[in-house]
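These notes concern the structure reproduced below.
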Amino acid sequence: MEYCPTWLFWLGLLLPALLFFLLIRKRTKLPPQPPAWPVIGNILDLGTTPHQNLHNFRAKHGPVTWLKLGSVNTMVIQSAQAATEFFKGHDFAFADRKCPHALTALNYGQGSLAVGRYGGYWRVLRRLCSVEFLVTKRVNETVHLRQKCVDNMIVYLEEEMAVKQVTTEQGIDLSHFLFLMAFNVVGNLVLSRDLLDPKSKDGPEFFDAMNRFMEWAGKPNVADFLPWLKWLDPQGIKASMAKDMGRAMKIAEGFVKERLEERKQRGEMRTTNDFLDAVLDYEGNGKEGPRKISSQNIIIIILEMFFAGSETTSSTIEWAMAELLHQPVSMKKAKDEINQIVGLNRKLEESDTEKMPFLQAVVKETLRLHPPLPLLIPRNAIKETNFMGFDIPKDTQVFVNVWGIGRYPDAWENPLTFKLERFLGSKIDYKGQNFDLIPFGSGRRMCVGLSLADRVLHLGLAKLLYHFDWELSDGLTPETLDMRERAGIALRKLHPLKVIPKKRSV
Ligand code: HEM
């Protein structure tokens, strides 16, 4: 018998196996991808304003782009047509979220609605929040609370002008007052508390802790791209988050305990009609989700309402004011409309804003150009899915670039111009069905606070325009006003808007 070398024996055995494997292997077709570096992949392509850089890829790579962010598979949806396909045809397949590493601190992600996994617990929370924040009857019942918080903002602005004798050079930082108002709206709806009332004991401490919590949540974290670095927490973001989130949780725990005590004294009766009472009252049927929501998760969902509802709303009004100051003709049209509807001798009510098409157009045009969450909250693929002819693996994260979609010239004439007329007499809105304008997302995981945000945006803006005439400070003119952006937890102006509110001339 002839001698057969060992390597030849193994080759003879492995070659057919390799050929068989190659034959049966399904060819995966991924969307077009820009060139990527080893290990870090396309991370550098994101830059400091990822939505802008990704938008620039569209011309070269088409409406669906593939990125490797470190080791994380990422698909970017960049057109209204692809978004329609995504939300109408594949909403369930992409209904999951990937929890950012910072938000895994103190198990936040497990109790969260916004970054929590899709499933029974999420459905329970979603139903609870929808009843509180989306159902029109409930939103109507809380109109007096929104009016109170917005009226307070007007008073704080007047006081600031009077006390500090604000000069033309200084101006005041409008975003600060808007944030206080939005924070207070959530405080009143969720906890029946005016956290900003000077008499509030825990208010300032809670406000500070939540502010820091949001700052950490908005920081880019290398551990989100290279998950094998999570244990190291290389930038210390999770540790810092745990510290500030822990402070906020402790205070929120005190609010919950206080409420439980009140309920006990009154024989377990509901003491208010707010979100906290609704969550405490919840009893599941045992078929889906928990029978009761745990105390830890009650605290997390309370924090989440502040987290999700404050900066989004306040940054939108700040952008609206910046656009109107940038374009005095639109400012005049919006003010004239308000004066005509309200007149000079009565209070502006929330319901007045329903009769103000110009004001409504300001809100829509602002959300088109400056959606606070320009890539939405990333979705995650529950299972392997064929999407528009591409084979998208399970666990792929998805960005929907609503900022880019809102600026696409095929859908929007002169897309970079702030033009109210484009919405006058048009039925297009942001409720999740017109895929050229989806700042609140769409489908199962669409913003649960949309109705609330819608009311606060219109009322807040209308009152600012009704009560004051506005000027820019620091020698700025409409032409020189800087409209550049800064990414964070929400998309903000790079330089906060500094303004001088003057009690309006009658
Ligand atoms: C201008 C204001 C706001 C904007 C533009 C906005 C936008 C968004 C977006 C884009 C999403 C993700 C949607 C998706 O994945 O399809 C979202 C989710 C969410 N929003 Fe808002 N939001 C705003 C205000 C609010 C307010 C006032 C609240 C509540 C107080 C809120 C609570 C939430 C929650 C809890 C989620 C997570 C929903 C889920 O994952 O099921 N938002 N929001």
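Okay, residues lined up against (1) open to solvent by less than 20 Å² (accessible area, probe 1.4 Å); (2) over 25 Å from LYS29 (Cα atoms); (3) within 12 Å of the ligand (Cβ to nearest atom); (4) in contact with a helix residue (DSSP H, G or I) (Cβ under 7 Å, 6 or more places away or on another chain):
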site	(1), (2), (3), (4)
ASP352	yes, yes, no, yes
VAL363	yes, yes, yes, yes
ASN380	yes, no, yes, no
ASN414	no, yes, no, no
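Within the set LEU128, LEU103, LEU44, the sole residue that is within 16 Å of the ligand (Cβ to nearest atom) and open to solvent by 20 Å² or more (accessible area, probe 1.4 Å) turns out to be LEU128.
Each row is one residue, and each column tells you yes or no for (1) hydrophobic (A, V, I, L, M, F, W, C); (2) modelled with pLDDT of 95 or more; (3) touching a Gly at 6+ places or on another chain (Cβ under 6 Å); (4) not in a helix (DSSP H, G or I).
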site	(1), (2), (3), (4)
PRO35	no, yes, no, yes
THR65	no, yes, no, yes
MET75	yes, yes, no, yes
THR84	no, yes, no, no
THR104	no, yes, no, no
LEU113	yes, yes, no, yes
LEU128	yes, no, no, no
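Number of residues in segment 427-462 that are out of contact with any helix residue (DSSP H, G or I) (no Cβ under 9 Å at 6 or more places or on another chain) and either part of a helix (DSSP H, G or I) or among the basic types (Lys, Arg) (or both): the value is 1.
Here is the figure for segment 424-453: residues that are more than 12 Å from the ligand (Cβ to nearest atom) and farther than 23 Å from TYR118 by Cβ total 8. Name the single residue that is least open to solvent (accessible area, probe 1.4 Å) among those in segment 480-506 being within 19 Å of ARG212 (Cα to Cα) and small (Gly, Ala, Ser). So, considering only residues that are within 19 Å of ARG212 (Cα to Cα) and small (Gly, Ala, Ser), the one least open to solvent (accessible area, probe 1.4 Å) is ALA490. Candidates in segment 65-81 are the residues that are buried (at least 23 other Cβ atoms within 10 Å of the Cβ) and among the hydrophobic types (A, V, I, L, M, F, W, C); of these, the one that is farthest from the chain's Cα centre (by Cα) is LEU67. All but one of (1) closer than 29 Å to LYS498 by Cβ; (2) in contact (Cβ under 8 Å) with a residue 60 or more places away in the chain; (3) assigned to a helix (DSSP H, G or I); (4) not acidic (Asp, Glu) hold for LEU348; state the number of the condition that does not hold. That leaves (3) as the condition not met. For segment 382-412, the set of residues classified as closer than 27 Å to LYS333 by Cβ and within 15 Å of the ligand (Cβ to nearest atom) consists of VAL402, TRP403, ILE405, GLY406, listed by residue number.
With the condition kept exactly as written, say whether any residue in segment 196-209 is of a type in the set (Lys, Arg), out of contact with any helix residue (DSSP H, G or I) (no Cβ under 7 Å at 6 or more places or on another chain) and outside any helix (DSSP H, G or I). Checking segment 196-209: at least one residue is of a type in the set (Lys, Arg), out of contact with any helix residue (DSSP H, G or I) (no Cβ under 7 Å at 6 or more places or on another chain) and outside any helix (DSSP H, G or I). Whether a residue is at pLDDT 95 or above, open to solvent by 20 Å² or more (accessible area, probe 1.4 Å), under 19 Å from the mean Cα position of the chain (by Cα) and within 14 Å of the ligand (Cβ to nearest atom) was assessed, and ARG97 does not pass this test.
The values are calculated or read from the model by the stated rules, or taken from the named source; none is laboratory data. All values derive from a computational prediction rather than experimental measurement. Ideal geometry is used to build each Cβ from the backbone, glycine not excepted, and the neighbour counts take in all protein chains shown. In case anyone asks, the SASA skips ligands and DNA or RNA and just uses the protein heavy atoms, side chains included. Shrake-Rupley method; radii C 1.70, N 1.55, O 1.52, S 1.80 Å.
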